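Working notes, structure below.
The values are calculated or read from the model by the stated rules, or taken from the named source; none is laboratory data. Everything numeric in this text was worked out from a predicted model, so none of it was measured. In this analysis, Cβ positions are derived from the backbone assuming ideal geometry, glycine residues included, and neighbour counts consider all displayed protein chains. Note: accessible area is taken over every heavy atom of the protein model, side chains too, but ligands, DNA and RNA are not part of it. Shrake-Rupley method; radii C 1.70, N 1.55, O 1.52, S 1.80 Å.
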Amino acid sequence: DLSISRKKVTWGIPFPGDPEYTVYVWADALNNYITGVGYGQASSSAQQSFKKWWPADIHVMAKDIVRFHAVYWPAFLMALDVPLPKKLLVHGYILIGEGKVSKSLSNSVDPYLLADWYGVDATRYYLMRQMAITHDGNFDLKDLEERINADLANNLGNLLNRMMTLALNNNCATVKPPATLEAASITLKEQCAEMFRCYWEEMDKGHYHVALTEVFKFLSETNAYFQAQKTWTLPAQNKKLFAEVVSSICHCLYHAAVVLWPVMPTKMEELLKALGHQFKVGYDYEKELRENKWNLTFTLTKMAQPLFVKPESHVPTAEESKQEAPGAAAKPAGAEKTAGSATTSVPEIDIQDFAKVQLAVGTVVTCEPVAGSDKLYKLQVDLGPLGRRQILSGVAKHLKPEDLVNKQGVFVLNLKPRKILGTESQGMMLFASDASGA
């Protein structure tokens, strides 16, 4: 049995038949999983949507909310006679230093900055490659840059560039599959099949970091094959073997691009395009990659820009790290600004200062001008359980009294009261304006 009501929690949905109670937030929130895809709606389109999306094949969550999803949610679904999710994928926390990433600790990293600095696909790759779902994982900017450089720029990107340059410089833009393969190419083909087998098994278990490790292990083997064949000498010595080596590497890159597409879709589509192919959503790639026939023809096109490059470093220097607050993770260099913005010097406060500010939502009951001022309004504000307060606000030049009466706003509660033109103000109302000042 689970109580789905709470007493004296005023911000919840009122419980039917008893205004002193509200609906327990988890009873309300969890139902969004099914109502959001059509459950309980009469239209045929909603019913089709629900049939398509539910039950979920896999339900992803962090470890701190397992109880609600593994105990409460199944109980609700059983009561509704609705199928349960087929599998739960429960992962650990992302850590920076010794602590969990948290806004309150001021140790988070802006993902928009990471996308701007390193690209969305490269950032996604690092997170999937670095973070094991079975335990907490550490995020480290230096490690991210090293991973991009080693795996993406040097291993994958450099392999593509070297193969493409050699092939195009030797009039081998159209690459057809050879009728037979030499022993080294056969070995590489077997390694390709083994890579996909391991990748598929590990992805199915949610071990994404292991699956990606297998892919880049295979790409290292492909690079070793390129070196062992001394491919750069073959156009002059053995054109037939050169064509075989280029075809083999193209097939390896094709297989790698397909399995890496879920993590780096944009970059892998660029890679496939350079090989003369495109990614086809809904196509049975599992069947194709398991058969591993190596029977494709490739039409090579040199890319305008390298697929991946060594990233510019944004790791803070030792001096910058010393300036951080004790216990806080170092901010990435440049984190104080976003791309294209001007640098502006503003007074800074720390998180302890900000935490002292108490905010609450209140309703403006009355609004009247303050005698002797052309910009002040005197507001009577209903703050619910916190009572009623008189607050002065300097917005008379922008808003009329009727614009504010019966409207809700955000108010600072613990601002020290002060008198303005003989009238006491017991807080502050917060406003925002757009670029035009409106």
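Annotations
- All-pairs Cα distance distribution in the chain, expressed in whole percent, bin size 10 Å: 4, 14, 18, 19, 19, 13, 7, 4, 2, 0
- Förster radius 35 Å - calculated FRET efficiency between T317 and M203, Cβ distance, rounded to 0.05: 0.35
- Per-residue surface analysis assigns L272 an accessible area of about 0 Å², computed on protein heavy atoms at 1.4 Å probe radius.
- Label point distance in nm, K397-V120, each placed 7 Å from Cα along Cα→Cβ: 4.2
- Given +1 at the Cβ of Lys and Arg, -1 at the Cβ of Asp and Glu and no other charges, the dipole of the chain around its Cα centre is 480 debye to the nearest 20.
- Pairs exceeding a 30 Å alpha-carbon distance, out of K7/K86; K51/K280; K7/K400; K267/K287; K142/K189; K63/K273: K7/K86; K7/K400; K142/K189; K63/K273.
- Computed FRET value (nearest 0.05) for N169 with E190, which takes r as the C-beta separation and R₀ as 25 Å: 0.25
- Only protein heavy atoms count here; on that basis, with a 1.4 Å probe, S49 has an accessible area of about 40 Å².
- Between V395 and Y377, the built amide H atoms are under 5 Å apart, and every one of these is 5 or more places off in sequence or on another chain.
- Accessible-area composition of the chain, carbon plus sulfur, in percent [1.4 Å probe]: 54
- Three-way shape call for segment 46-204 based on the alpha-carbon gyration tensor, with the a/c threshold at 1.5: oblate
- Efficiency of FRET from Cβ geometry, V412 and Y285, R₀ 51 Å, rounded to 0.05: 0.35
- Stretchable slack from Q47 to E182, in nm (0.36 nm times residue separation minus alpha-carbon distance): 43.0 nm
- Exposure ranking of V281, V263, V66, V309 by accessible area [1.4 Å probe, largest first]: V281, V309, V66, V263
- Take the Cα of L105, go 7 Å toward its beta carbon, and the backbone nitrogen atoms of segment 60-87 under 17 Å from that spot belong to 62-65.
- Distance in nm between pseudo-label sites at Q380 and R67 (7 Å out along the Cβ direction from Cα): 4.5
- Around the amide H of S5, modelled in the peptide plane, lie the amide H atoms of Y24, all under 5 Å away and 5 or more residues distant in sequence or on another chain.
- The slack between M78 and V405, meaning 0.36 nm per residue of separation minus the straight C-alpha distance, is 113.0 nm.
- Length available on full extension from K142 to I58: 0.36 nm per residue minus the Cα-Cα distance, which gives 27.0 nm.
- Protein heavy-atom accessible surface, 1.4 Å probe, per residue over segment 54-118: 58 Å².
- Averaged per residue, segment 225-315 has 51 square angstrom of accessible surface, using a 1.4 angstrom probe with ligands and nucleic acids left out.
- Helix 158-169 vs. the chain, principal-axis angle (Cα, 0 to 90°, nearest 10): 50
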